[in-house]
Amino acid sequence: MKKVLSYVLLILVLCAPVVQANEQVPITVDAEGFVILDEESQMIQAEDNVVIQMGEDYIKADKVEVDLTAKTIKASGNILLVQEGREVSGDALEYDYISEEGKFYNAKAAEENIKFKGKVINILKDEMVMEDTDLIPGYHDYDDYHYKLTAEKIDVYPDGKVVAKGVYLWIKGKKILPLPTFTTTLSSDPTEQRKYAIPEPKLGYNRDNGAYLEVNYDHYVDEKLEGFVHFKATSKKGNQLDLDYDYAPSENFQFKPDLSYDQEIGLDGSVNLINKIGGVTSNLSYNAYIEDDEDDPDYKDKEWLARWDLTTDIFGVKSGLHLRRDEDDPETGKEITFDKSWSDYYWQLRAGADNEYDYKPQFSLGIKNKDLGNGTLLSTDLRIANIYERDTDVETSRRGFDLRLRDSQVKVTDSTNLYWNGGLSASKYGTGDDFQTYDFNLGIDQKLAFLDFNLDYQYYNEFGQTPFEFDLLTDEDEKIGERNYITASVGSDLEISDDLDLEWNAQVRKSNYEGGDDYNYYQFNTKTSYQINEYNSIALGYNYVGTVGETPIEDEEVERDDLYNEVSVSYNFQTNQLEFPYWDVEIEAGYDFIEDELSTLKYSLTREFDCFNTGIEYDQLEKDIRLNLELKF
């Protein structure tokens, strides 16, 4: 018969001096065997499928002792601790239920794509520290793996960061080689993951580089110093080395060097030094780079740019001094700024000299994204300034006002959404000129049966004259005037049958300009995939991008290399993905109707293991052979 004993009141009284640490969370002891309270020794003993509930956390074990005086739990036999969603199992546990810290022996833990198996796992409030631990890929059982990493110590931090020291790589039970400090993340966010926590070599051959060896490595030294290393050696071209590091010994000091060396071009890179002294933050950066020309191998132009930004807070006002200098400018650019924001409102005062735009000075007052209700956002900006623009060599006063309203999502029906955005800008100058700009955007997203439909309209216009290029709506040197754009797109992603999939998308954009020019853009792509049988599949695709007419705006013109009229076909052979190791073979071919020639002809052969894959890729047109090895950490 099941027995339950809940000493809630007693435990709360005994924990009174530290209730703030655990917010008076009651502890319930539940067992299928027995639960005994010894009031004299203040001990609770329980056996047989014991469950200790601590709010949302709990401990399961065969045998448990709770010391109400020491506020500790000792457990043994088939132990499982669930704390803040993290599960740790083991043979023995010592746990402080007030500090939520403890020690596991012969323990196992699983986190996202990695399993841990250690002699001792220390459960701390802010991290998990493991001693004499194995790291095993999360694609198989603990006792079935081709390789593993062992470490003398592993730290798992609350943000998911994993740091292992004293690391060795083992393959098939044999110690192969020591590794530098290993670090990775348990986060599922690909932007936070360290892809090259273990140095991964890539071997290959192509007609440009000849034979080459390429290595990428995320180098972690300690919590203060880490970086990324890229190295490439070739038999035809020069070697390359890239170093990108971040050194932060304290929250008040950060040093970030980023250096790149190409044997054919030279050394370039940047250095960034951030330092905080008292209430002043200093940000000093230097960037040196080399401009080259693919068509002229002898052309090399060295450039550099330096900046120094000093910022502080004076009575709630963010204040800054900004200095800049570059290769082409003998003068040092100087600017001071004062900013203040509260709720949705802000003001700014800035003044400077020897910059691209010199403000002598400029005062701004405005509203940023104020919610007017129902998702409508309001932004305004009023500016009064005396400005010098270097490119036009014009200096005059400017008074300007900007207004913008927008709503990114107006739900009309369950399958229909509208969005809109409109703005106007009006400026008056000391030269007597006036200049106004208007823009408006209205669109609809509609789900029609199996089709995804979008219709979008954009309008731009400019009136009057401005002495400044930065007031223009485009990067052109002159006013373009009225512009209208209408874009329609439709597509779908269909599963026609269990073996046949079809996806396609078509888009048409019509552009009309005040000068009488018309520029139309057409795009269509489709792909059909068919699973022939358990192991074989084929795919057929078509991609078209074309234009008609002319545009006066250079940035809107589609480059010749971005026009397509191409058909592609691929074949894939893949053995059972549920049984490691398996084979993955793929052949890709494409034909370009514009150039009237083959555009793609590639072959790849991959052997997928549970914890790594290896393969070879061959590009017949580029004469490129690549060997690869990828570890699944």
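The values are calculated or read from the model by the stated rules, or taken from the named source; none is laboratory data. These numbers were taken from a predicted model, which means no experiment stands behind them. Don't worry about glycine lacking a Cβ; one is built from the backbone with ideal geometry, like all the others, and counts go over all protein chains shown.
For the stretch 453-496, what are the residues that are surrounded by 16 or more Cβ atoms within 10 Å (Cβ to Cβ), among the acidic types (Asp, Glu), within 30 Å of residue 358 (Cα to Cα) and in contact with a Leu (Cβ under 9 Å, 6 or more places away or on another chain)?
Listed by number, the list holds a single entry, 462.
Out of curiosity, is residue 584 out of contact with any Leu (no Cβ under 6 Å at 6 or more places or on another chain) and part of a helix (DSSP H, G or I)?
Against the criterion (out of contact with any Leu (no Cβ under 6 Å at 6 or more places or on another chain) and part of a helix (DSSP H, G or I)), residue 584 does not qualify.
For the stretch 593-602, indicate whether the set of residues that are closer than 30 Å to residue 546 by Cβ, of a type in the set (Gly, Ala, Ser) and assigned to a strand (DSSP E or B) is non-empty.
Yes.
Considering only residues of the stretch 198-207 that are in contact (Cβ under 8 Å) with a residue 60 or more places away in the chain and of a type outside the set (S, T, N, Q), which is surrounded by the most Cβ atoms within 10 Å (Cβ to Cβ)?
By that ranking, first place goes to 204.
Restrict the check to the stretch 306-314 and report whether at least one residue is farther than 30 Å from residue 465 by Cβ, among the small types (Gly, Ala, Ser) and part of a strand (DSSP E or B). Show your work before the answer.
Residues of the stretch 306-314 that are farther than 30 Å from residue 465 by Cβ, as a first pass: 306-314.
From what's left, among the small types (Gly, Ala, Ser): 306.
Going one step further and asking which of them are part of a strand (DSSP E or B), we end up with 306.
Yes, the stretch 306-314 contains a residue that is farther than 30 Å from residue 465 by Cβ, among the small types (Gly, Ala, Ser) and part of a strand (DSSP E or B).
State the number of residues belonging to the stretch 456-492 that are basic (Lys, Arg) and more than 20 Å from residue 392 (Cα to Cα). Steps first, answer last, please.
Going through the stretch 456-492, the residues basic (Lys, Arg) turn out to be 479, 483.
So of that shortlist, the ones also more than 20 Å from residue 392 (Cα to Cα) come out as 483.
The total comes to 1.
Identify, please: which residue in the stretch 81-94 is within 34 Å of the chain's Cα centre (by Cα) and assigned to a strand (DSSP E or B) and is, among those, farthest from residue 61 (Cα to Cα)?
The first filter runs over the stretch 81-94 and keeps only residues within 34 Å of the chain's Cα centre (by Cα), leaving 81-89.
Checking which are assigned to a strand (DSSP E or B) leaves us with 81-83, 86-89.
Working: 81: 9, 82: 12, 83: 15, 86: 16, 87: 13, 88: 12, 89: 10 Å.
Step by step, filter the stretch 81-94, then rank; the result is 86.
Does any residue of the stretch 488-500 turn out to be within 30 Å of residue 425 (Cβ to Cβ), under 32 Å from the mean Cα position of the chain (by Cα) and not hydrophobic (A, V, I, L, M, F, W, C)? Talk me through it step by step, then tell me what you get.
The initial filter retains those residues of the stretch 488-500 that are within 30 Å of residue 425 (Cβ to Cβ), namely 488-489.
Filter once more, so that each one left must be under 32 Å from the mean Cα position of the chain (by Cα): 488-489.
Applying the additional criterion that residues be not hydrophobic (A, V, I, L, M, F, W, C) yields 489.
Yes, the stretch 488-500 has at least one match.
Applying the selection to the stretch 537-583, what residues are under 30 Å from residue 499 (Cα atoms) and either in contact (Cβ under 8 Å) with a residue 40 or more places away in the chain or of a type in the set (A, V, I, L, M, F, W, C) (or both)?
Once the filter is applied, which keeps residues that are under 30 Å from residue 499 (Cα atoms) and either in contact (Cβ under 8 Å) with a residue 40 or more places away in the chain or of a type in the set (A, V, I, L, M, F, W, C) (or both), the stretch 537-583 yields 538, 539, 540, 545, 567, 569, 573, 575, 576, 578, 580, 583.
Exactly one condition in (1) of a type outside the set (A, V, I, L, M); (2) within 33 Å of the chain's Cα centre (by Cα); (3) in a strand (DSSP E or B) is not met by residue 334; state its number.
Condition (2) is where residue 334 drops out.
Residues checked against (1) charged (D, E, K, R); (2) surrounded by 15 or more Cβ atoms within 10 Å (Cβ to Cβ):
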residue	(1), (2)
498	yes, no
512	no, yes
515	no, no
523	no, yes
532	no, no
586	yes, yes
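Here is a check on your reading of the model: is residue 350 in contact with a Pro (Cβ under 8 Å, 6 or more places away or on another chain) and either over 19 Å from residue 333 (Cα atoms) or crowded, with 17+ Cβ neighbours inside 10 Å (or both)? Please lay out each step first, then the result.
Details: in contact with a Pro (Cβ under 8 Å, 6 or more places away or on another chain): yes; either over 19 Å from residue 333 (Cα atoms) or crowded, with 17+ Cβ neighbours inside 10 Å (or both): yes.
Against the criterion (in contact with a Pro (Cβ under 8 Å, 6 or more places away or on another chain) and either over 19 Å from residue 333 (Cα atoms) or crowded, with 17+ Cβ neighbours inside 10 Å (or both)), residue 350 qualifies.
Yes/no per residue for (1) farther than 20 Å from residue 577 by Cα; (2) at pLDDT 95 or above; (3) in contact with a Ser or Thr (Cβ under 8 Å, 6 or more places away or on another chain):
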| position | (1), (2), (3) |
| --- | --- |
| 601 | yes, yes, no |
| 604 | no, yes, no |
| 610 | no, no, no |
| 625 | yes, no, no |
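Condition test on residue 519, is it under 30 Å from residue 357 (Cβ atoms), in a strand (DSSP E or B) and under 37 Å from the mean Cα position of the chain (by Cα)?
It is false that residue 519 is under 30 Å from residue 357 (Cβ atoms), in a strand (DSSP E or B) and under 37 Å from the mean Cα position of the chain (by Cα).
Report, by residue number, each residue of the stretch 534-569 that is surrounded by fewer than 14 Cβ atoms within 10 Å (Cβ to Cβ), farther than 22 Å from residue 506 by Cβ and modelled with pLDDT of 95 or more.
536, the sole residue that qualifies.
Being under 31 Å from the mean Cα position of the chain (by Cα) and farther than 30 Å from residue 475 by Cα is true for just one of 558, 545, 585, 567. Which residue is that?
Exactly one of 558, 545, 585, 567 is under 31 Å from the mean Cα position of the chain (by Cα) and farther than 30 Å from residue 475 by Cα, namely 585.
Tell me which residues, restricted to the stretch 263-275, are among the polar types (S, T, N, Q) and part of a strand (DSSP E or B).
Listed by number, the residues that qualify are 270, 272, 275.
Residues to consider are 328, 301, 292; find the one that is touching a residue at least 12 places away in the same chain (Cβ under 8 Å), part of a strand (DSSP E or B) and farther than 23 Å from residue 467 by Cα. I'd like the intermediate steps shown before the answer.
On the way: 328 fails: part of a strand (DSSP E or B); 301 fails: touching a residue at least 12 places away in the same chain (Cβ under 8 Å).
From the options 328, 301, 292, the qualifying one is 292.
In the stretch 486-516, which residues are in a loop (DSSP other than H, G, I, E, B) and within 22 Å of residue 550 (Cβ to Cβ)?
514, 515, 516
What about residue 380, is it without any contact (Cβ under 8 Å) to a residue 40 or more places away in the chain and surrounded by 15 or more Cβ atoms within 10 Å (Cβ to Cβ)? Reasoning before the result, please.
Details: without any contact (Cβ under 8 Å) to a residue 40 or more places away in the chain: yes; surrounded by 15 or more Cβ atoms within 10 Å (Cβ to Cβ): yes.
Yes, satisfied.
Mind listing just one residue for me: the one in the stretch 164-212 that is among the small types (Gly, Ala, Ser) and outside any strand (DSSP E or B) and, of those, modelled with the highest pLDDT? Can you show your working first?
To start, the set of residues in the stretch 164-212 that are among the small types (Gly, Ala, Ser) comprises 164, 166, 173, 187-188, 197, 204, 210-211.
Going one step further and asking which of them are outside any strand (DSSP E or B), we end up with 166, 173, 187-188, 197.
Numbers: 166: 83, 173: 75, 187: 62, 188: 58, 197: 71.
Here the answer is 166.
Starting from residues that are modelled with pLDDT under 85 and surrounded by 13 or more Cβ atoms within 10 Å (Cβ to Cβ), keep the ones in the stretch 278-301 and report whichever is farthest from the chain's Cα centre (by Cα).
Applying the filter and picking the extreme gives 300.
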